[in-house]
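K.L.:
Just dropping this structure here.
The values are calculated or read from the model by the stated rules, or taken from the named source; none is laboratory data. Only a predicted model underlies this, so the values are computations on that prediction, with no experimental measurement involved. Because the Cβ atoms are built from the backbone with ideal geometry, glycine has one as well, and the counts that use them run over all protein chains shown.
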Amino acid sequence: MAKDYDRMEDSNRSSNLNIHEVSDLRRRTLIRGGLAAAATGLLAPLAGCATGGAASRSGPLLGFKSVPVSTADAVTVPEGYTAQVLAPWGEAVGLSGEDPAFKFDGSNTAAEQETQLGMHHDGIHFFRHPLTPDSSNAGLLVMNHEYADDGLLHADGMATWTAAKVRKSQAAHGVSVIEVENRGGRWEIVKPSPWARRITASTPMTFGGPAAGHALLQTRADARGMRPLGTLNNCGSGITPWGTYLTCEENFIFYFKGPEQPNAHETRWGLRAGDRIGYRWHEHDERFDASRHPNEPNRFGWVVEIDPNNPSSTPVKRTALGRAAHEGATVALTKSGRAVVYSGEDARFEYIYKFVSRDAVKPGGATANATLLDHGTLYVARFDADGRGRWLPLVHGSGPLTAANGFADQGEVLIKTRQASDLLGATKMDRPEWIDIDKAGWVYCTLTNNSNRGGANQPGVDPANPRANNSMGHIIRWKEDGDFDGLGFAWNHFVLAGDPKLERVDAKGNVKGDAFACPDGLWTDARGVLWIQTDMSTSAMGRGDLQNMGYNAMLAADPTTGEIRRFLTGPAGCEVTGATATPDGRTMFVNIQHPGESPSERSDPAAPRRVSNWPDQRPDGRPRSATVVIRKADGGVIGT
Ligand code: FEO
Ligand code: CA
Ligand code: CA
Ligand code: CA
């Protein structure tokens, strides 16, 4: 569908600023405005938007020598680069100077886990340090902890199952805020830190936007429908131009035990009778029993806004962005200053969304923009066969979204986003994961894989999702008509992932450079490199179409030439997910999730080191998700 790709790129090249460029503009304004402006918090989102030497360097975009595929239980990086483990699961975040240490036998208590980094690191962002915002040697790292492996979390796994274990599992979820500092070439967590924070699956939150307080969000414990507890399955993330972090609730439905006969709404959201994948939280925390608390699942599936500069702030679930198995949330700004939030829903045959704020972003940081994401219009994408696409408004009363079709009001449209999108005829995608935007204004979305595409009684191929049994995944991209709030767009495929050595012709793909499969994490750095992180599932890795791919990896792409080069390979059983960098581009932080994962995705507590012993490699250890610091030995900009 690349018919008019060249023309579009030329004609629109200068029209759309991405968030990095807008941030640079704001930064220049702020520097002129002096330190008073810095106190507004507008400096915070500039993290990751390198300026000066990093951004203006000439020469090829990709300057490193690629690494080969790997099946070593290690992180490998190119020649001239170093990888340092900074923040593994169980390390104290620094709430006090006397936080308990990680116990390698898994015997930390729930209360201790509430002071420590959670499991399964995912989306991450480096925020400029509140006190030294111009420094690239200190800042706040905010990161997601997607889920927990209860086989690894507790000393005896799930052999016994207690309320204390459920509390510990809930405490291993959510978000961590840590203060970090480069001390003589080695990055460390600052402890204690006034900004250190743990947000878990039980932290009190609130709702904002049209569905706040809706009858479908009310429960016995919260009759007003305004006080949800916790955030779950936080996968990808995003940042706002006013300095806050967006964490996304992905596969929340699997935490719930369903009723014997789920209704149509519950069925559409994947709730099934019983405990579908064995989290067993409902056995000791009845709010996860949806047969007793049917509205509790409606209180998850939101994008949650967190202000890392204000550790006592209450996280807000932004209902205007719609309820979905949100993978991530990526913010762009229109020329008029309105926020546009892109988000994919990672589930087979689900959708891609964008929200356009009613109002422009105001100066004054998080306080001035505290309700910006509560007012605006949500759209869902339809990709047409002619290389064009439309954003379809999810607005009550418009088209089929009426009371007669089961939508009493806008709140119900937002809670039942999937049903509304079904009625509008949105395009069913191959598991949309992360979204990011390049310097020319193209918006990219990873479509990680979809083995069901074209199967019996399943949707067949379509122009946007062109492969049956899409085991390798692909990356789609589009450019909006005019500006990011445009209602139409032109789209094409950036790459169909795959392995040229495969016999199955339709899995080979068209990668220019190093082969990869199952793209998931996606992040554009300040120089315009598109970083791609892979998540081949452990049950499929090394087999069939994935037999030549080694372990999961991170690759760098040049969006202009399409060249893709492998930069990092992860340890056994991991996925690589989440990347961010300091403003000078000389330190990159990458998350390694679930090293040691077995095909069942639950570790055997009797043999925790069977698959991996990364990163500690201790004889009595257990694999731990961790943030890794990537530096160049010569101190240069990453990727050059
Ligand atoms: Fe949590 Fe879609 O990966
Ligand atoms: Ca993901
Ligand atoms: Ca995974
Ligand atoms: Ca994934």
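K.L.:
Take the conditions away from ligand 4 (no atom under 16 Å from the Cβ), more than 27 Å from ALA159 (Cβ to Cβ) and in contact (Cβ under 8 Å) with a residue 60 or more places away in the chain and apply them to GLY635. Does it pass?
P.N.:
no
K.L.:
Looking only at region 376-394, decide whether some residue is touching a Gly at 6+ places or on another chain (Cβ under 9 Å) and within 16 Å of ligand 2 (Cβ to nearest atom).
P.N.:
no
K.L.:
Between THR267, THR314, which is of a type in the set (Ser, Thr, Tyr) and in contact with a Ser or Thr (Cβ under 7 Å, 6 or more places away or on another chain)?
P.N.:
THR314
K.L.:
List the strands (runs of 3 or more DSSP E) that sit entirely inside region 321-366 and contain at least 1 residues that are over 13 Å from the mean Cα position of the chain (by Cα) and either within 16 Å of ligand 3 (Cβ to nearest atom) or surrounded by fewer than 23 Cβ atoms within 10 Å (Cβ to Cβ) (or both).
P.N.:
The strands (runs of 3 or more DSSP E) meeting that bar are 338-344, 348-350, 352-360.
K.L.:
Select from region 439-461 the residues that are away from ligand 1 (no atom under 16 Å from the Cβ) and within 24 Å of PRO559 (Cα to Cα) and list them in ascending order.
P.N.:
Scanning region 439-461 gives LYS439, ALA440, GLY441, TRP442, VAL443.
K.L.:
Pick from ASN470, ASN492: which is surrounded by 24 or more Cβ atoms within 10 Å (Cβ to Cβ) and either without any contact (Cβ under 8 Å) to a residue 60 or more places away in the chain or of a type in the set (S, T, N, Q) (or both)?
P.N.:
ASN470
K.L.:
While we're here: THR569 passes all but one of (1) among the β-branched types (Val, Ile, Thr); (2) more than 16 Å from ligand 2 (Cβ to nearest atom); (3) under 18 Å from GLY509 (Cα atoms); (4) crowded, with 22+ Cβ neighbours inside 10 Å; which number fails?
P.N.:
(3)
K.L.:
Only one of (1) at pLDDT 95 or above; (2) over 19 Å from ARG431 (Cβ atoms); (3) in a loop (DSSP other than H, G, I, E, B); (4) of a type in the set (Gly, Ala, Ser) is not met by GLY542, so which one is it?
P.N.:
Answer for GLY542: the failing condition is (1).
K.L.:
Among the listed residues GLU260, GLU249, identify the single one that is of a type in the set (D, E, K, R) and closer than 29 Å to LEU141 by Cβ.
P.N.:
GLU249
K.L.:
In the list PRO583, PRO599, which residue meets the criterion of being in contact (Cβ under 8 Å) with a residue 40 or more places away in the chain and closer than 29 Å to ILE277 by Cα?
P.N.:
Result: PRO599 is the single residue among PRO583, PRO599 that is in contact (Cβ under 8 Å) with a residue 40 or more places away in the chain and closer than 29 Å to ILE277 by Cα.
K.L.:
It is to be established whether one or more residues within region 240-261 are within 26 Å of GLY151 (Cβ to Cβ), assigned to a helix (DSSP H, G or I), over 22 Å from the mean Cα position of the chain (by Cα) and touching a residue at least 40 places away in the same chain (Cβ under 8 Å).
P.N.:
no
K.L.:
Within region 607-625, can you find the residues that are in contact (Cβ under 8 Å) with a residue 60 or more places away in the chain and small (Gly, Ala, Ser)?
P.N.:
Those that are in contact (Cβ under 8 Å) with a residue 60 or more places away in the chain and small (Gly, Ala, Ser): SER612, GLY621, SER625.
K.L.:
Counting only residues that are under 20 Å from ASP374 (Cα atoms) and part of a loop (DSSP other than H, G, I, E, B), how many does region 198-239 have?
P.N.:
Total satisfying the criteria: 15.
K.L.:
Can you tell me which condition SER169 does not meet? The list is (1) away from ligand 2 (no atom under 16 Å from the Cβ); (2) within 30 Å of THR367 (Cβ to Cβ), and all the others hold.
P.N.:
Only one criterion in (1) away from ligand 2 (no atom under 16 Å from the Cβ); (2) within 30 Å of THR367 (Cβ to Cβ) is unmet by SER169, namely (2).
K.L.:
Let me ask something else about it. Report, by residue number, each residue of region 69-122 that is among the acidic types (Asp, Glu) and within 16 Å of ligand 2 (Cβ to nearest atom).
P.N.:
ASP122 - this is the single residue of region 69-122 that is among the acidic types (Asp, Glu) and within 16 Å of ligand 2 (Cβ to nearest atom).
K.L.:
Determine, yes or no, whether MET549 is in a loop (DSSP other than H, G, I, E, B), modelled with pLDDT of 95 or more and within 17 Å of the chain's Cα centre (by Cα).
P.N.:
no
K.L.:
A further question on this structure: Take region 559-579 and flag every residue that is away from ligand 1 (no atom under 16 Å from the Cβ) and not in a strand (DSSP E or B).
P.N.:
PRO559, THR560, THR561, GLY562, PRO571, ALA572
K.L.:
Search region 536-563 for residues that are within 15 Å of GLY596 (Cβ to Cβ) and pair each with any residue that is charged (D, E, K, R) and part of a loop (DSSP other than H, G, I, E, B) when their beta-carbon atoms are under 7 Å apart and the residues are at least 6 apart or on different chains.
P.N.:
These pairs meet every condition: THR538/GLU597; THR538/GLU601; ASN552/ASP535.
K.L.:
Filter region 206-264 down to residues that are among the polar types (S, T, N, Q) and within 16 Å of ligand 1 (Cβ to nearest atom) and give me whichever is nearest to THR367 (Cα to Cα).
P.N.:
THR247
K.L.:
State all residues of region 225-255 that are among the aliphatic types (A, V, I, L, M) and more than 15 Å from ligand 2 (Cβ to nearest atom); if no residue qualifies, say none.
P.N.:
MET226, LEU229, ILE239, ILE253
K.L.:
Tell me which residues, restricted to region 578-594, are in contact with a helix residue (DSSP H, G or I) (Cβ under 8 Å, 6 or more places away or on another chain) and within 16 Å of ligand 2 (Cβ to nearest atom).
P.N.:
Result: no residue meets the conditions.
K.L.:
Right, another one. Which one of these does PRO259 not meet: (1) under 30 Å from THR160 (Cα atoms); (2) in contact with a Phe, Trp or Tyr (Cβ under 6 Å, 6 or more places away or on another chain)?
P.N.:
(2)
K.L.:
Search region 585-611 for residues being under 30 Å from LEU140 (Cα atoms) and among the β-branched types (Val, Ile, Thr), and hand back the single one that is farthest from ligand 4 (Cβ to nearest atom).
P.N.:
Only one residue fits best here, namely THR587.
K.L.:
Which ones in region 449-463 are in contact with a Phe, Trp or Tyr (Cβ under 9 Å, 6 or more places away or on another chain) and either surrounded by fewer than 24 Cβ atoms within 10 Å (Cβ to Cβ) or under 19 Å from GLY328 (Cβ atoms) (or both)?
P.N.:
Once the filter is applied, which keeps residues that are in contact with a Phe, Trp or Tyr (Cβ under 9 Å, 6 or more places away or on another chain) and either surrounded by fewer than 24 Cβ atoms within 10 Å (Cβ to Cβ) or under 19 Å from GLY328 (Cβ atoms) (or both), region 449-463 yields ASN450, ASN452, GLN458, PRO459, ASP462, PRO463.
K.L.:
Filter region 513-533 down to the residues that are among the aromatic types (Phe, Trp, Tyr) and closer than 25 Å to ARG586 by Cα, then identify the one that is farthest from ligand 2 (Cβ to nearest atom).
P.N.:
TRP531
K.L.:
Still on this structure, please answer the following. Would you confirm, using the coordinates I've provided, whether PRO204 is touching a Pro at 6+ places or on another chain (Cβ under 9 Å), surrounded by fewer than 16 Cβ atoms within 10 Å (Cβ to Cβ) and more than 30 Å from SER136 (Cα to Cα)?
P.N.:
Judged against the criteria, PRO204 is a match.
K.L.:
Regarding region 282-305, can at least one residue be identified that is of a type in the set (Gly, Ala, Ser), at pLDDT 95 or above, assigned to a strand (DSSP E or B) and surrounded by 22 or more Cβ atoms within 10 Å (Cβ to Cβ)?
P.N.:
no
K.L.:
Tell me, yes or no, whether region 100-109 has at least one residue that is closer than 29 Å to THR319 by Cβ and either in contact with a Pro (Cβ under 6 Å, 6 or more places away or on another chain) or of a type in the set (D, E, K, R) (or both).
P.N.:
No, that holds for no residue.
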